[in-house]
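Each remark here refers to the structure printed beneath this line.
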Amino acid sequence: ADPGPDWAAEVRELAGRRGAVLLAHNYQLPAIQDVADHVGDSLGLSRIAAAAEAETIVFCGVHFMAETAKILAPDKTVLIPDAAAGCSLADSITADQLRAWKAEHPGAVVVSYVNTTAEVKAETDVCCTSSNAVEVVESIPADREVLFLPDQFLGAHVRRVTGRENIHVWAGECHVHAGINGATLSAKAAEDPDAELFVHPECGCATSALYLAGSGAVPADRVKILSTGGMLDAARASTAASVLVATEIGMLHQLRRAAPEIDFRAVNDRASCPYMKMITPEKLLRALREGRDEVHVAPDLAARGRAAVQRMIEIGQ
Ligand code: 13P
Ligand code: SF4
């Protein structure tokens, strides 16, 4: 439900008093996106956090995103409206599991998706997000083995695009994106043959999307594998009447704002991330009133992960 204009005015006033900048991921509730200073994808928001002048960063997103902001801006206060907002993908690998995997592949370069805990980042050579994963892997000499984690669908996408076979991929997944499957995508595409398809590479249907394009079932130039930020750029450039969107449904709000003339439809309208939706208007207000939940990353851990995160924000600028 829309919390109303008084809520938004109070949020803005409290943010001003605290000297806080409000960041919101594209999957946040519409009211939270609308009240934020910046809305974006994981990479864009990390870059904004790194360059922020404000004393306090309020991160409306999930915990690993706020943790990444704290690693990049250790002297700032980083708040998240609910520290229990986790991520099933980040939970799919622990630092112990990564250490064991590294021991099996000595000398391999570890590329971790930003959807990982600070402990996993501390064991990582370079982080990436969905918008620069290909460029990050291409920055590594082709003869070096790569351990790519934790998302198997993004990993498969990177292998396909780079053509590298020496990339080992961890078998993790995001339960929200894995649930957007190929059968649903094919059925929706058949119902609307003129629609473009915007598909996030974490989706279970990313391979099916390329198959649809390769088989001619959907013209190849109508199928786009994109990060959430990439979807917004593609929406602004699109001349299509309708677009089928395969990602978390919070994304539809920014897409409709970016290109109001296009009919955006979710491939799976139940693809809502329960962790992203734990950040409610009431909890944002509480965060600003009470200064909680504050995000801490142990300084030695942050120091070990910082170079990997810094490389991530530098690659693909
Ligand atoms: P991006 O914003 O980088 O596309 O990430 C999607 C995601 O699932 C974050 O949780
Ligand atoms: Fe994690 Fe998936 Fe939710 Fe993104 S959508 S925060 S990857 S559980």
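Values quoted throughout were computed directly from the atomic coordinates according to the rules given, and no laboratory measurement underlies them. Computed from a predicted model, the values in this text were never measured in an experiment. Here Cβ is always computed from backbone atoms with ideal geometry, including for glycine, and neighbour counts include all displayed protein chains.
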Task: Cα→Cβ-extended label distance, 7 Å offset, between Arg99 and Ala50, nm - done: 2.8
Task: Positive minus negative residues near Cys60 (Lys, Arg vs Asp, Glu; Cβ under 13 Å) - done: -2
Task: Counted charge near Ser227, where neighbours are those whose Cβ lies closer than 15 Å (Asp, Glu -1; Lys, Arg +1) - done: -3
Task: Neighbour-count ranking [beta-carbon atoms within 10 angstrom, fewest first] of Arg144, Arg265 - done: Arg144, Arg265
- [ ] Just report the Cα centroid separation between the stretch 40-71 and the stretch 201-255, whole Å.
- [x] 26
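Return the loop-located GluC sites (Glu not before Pro) in the stretch 1-92 (DSSP other than H, G, I, E, B) with at most 10 other Cβ atoms within 10 Å of their own Cβ; answer none if there are none.
Passing both the DSSP loop test and the Cβ count: Glu53.
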Task: Distance from the stretch 130-174 to the stretch 285-317 (C-alpha centre basis), Å - done: 24
Open item on the list: Just to be sure I understand the rule: take each whole DSSP H helix in the chain, project its Cα atoms onto its long axis, keep it if the span is 18 Å or more and its mean Kyte-Doolittle hydropathy is at least -0.5. Which ones pass?
Closed with: 299-314
Task: By average C-beta atoms within 10 angstrom, highest first, the peptides 95-102, 132-139, 185-192 - done: 132-139, 185-192, 95-102
TODO: Tell me the label-point distance for the pair Asp34, Asp300, using the 7 Å Cα-to-Cβ offset, in nm and rounded to one decimal.
DONE: 4.8
Open item on the list: Need the full-extension length gain, Thr207 to Ala307, defined as separation in residues times 0.36 nm minus the C-alpha distance. One decimal, nm.
Closed with: 32.8 nm
TODO: Sticking with the crude label model, points 7 Å out along Cα→Cβ, report the distance from Asp75 to Ala9 in nm, one decimal please.
DONE: 3.7
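Arrange the following residues from fewest to most other Cβ atoms within 10 Å of their Cβ: Lys277, Lys76, Lys70.
With the fewest neighbours first, Lys277, Lys76, Lys70 line up as Lys277, Lys76, Lys70.
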Open item on the list: Please compute the Kirkwood hydrodynamic radius of the chain from all pairs of different C-alpha atoms, in Å with one decimal.
Closed with: 20.0
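Once you list every other residue whose beta carbon is under 14 Å from the beta carbon of Ala271, what net charge do they have if Lys and Arg are +1 and Asp and Glu are -1?
Taking every other residue near Ala271 into account, the sum is 0.
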Task: Net lengthening on full extension, Glu138/Arg265 (0.36 nm per residue, minus Cα-Cα) - done: 42.4 nm
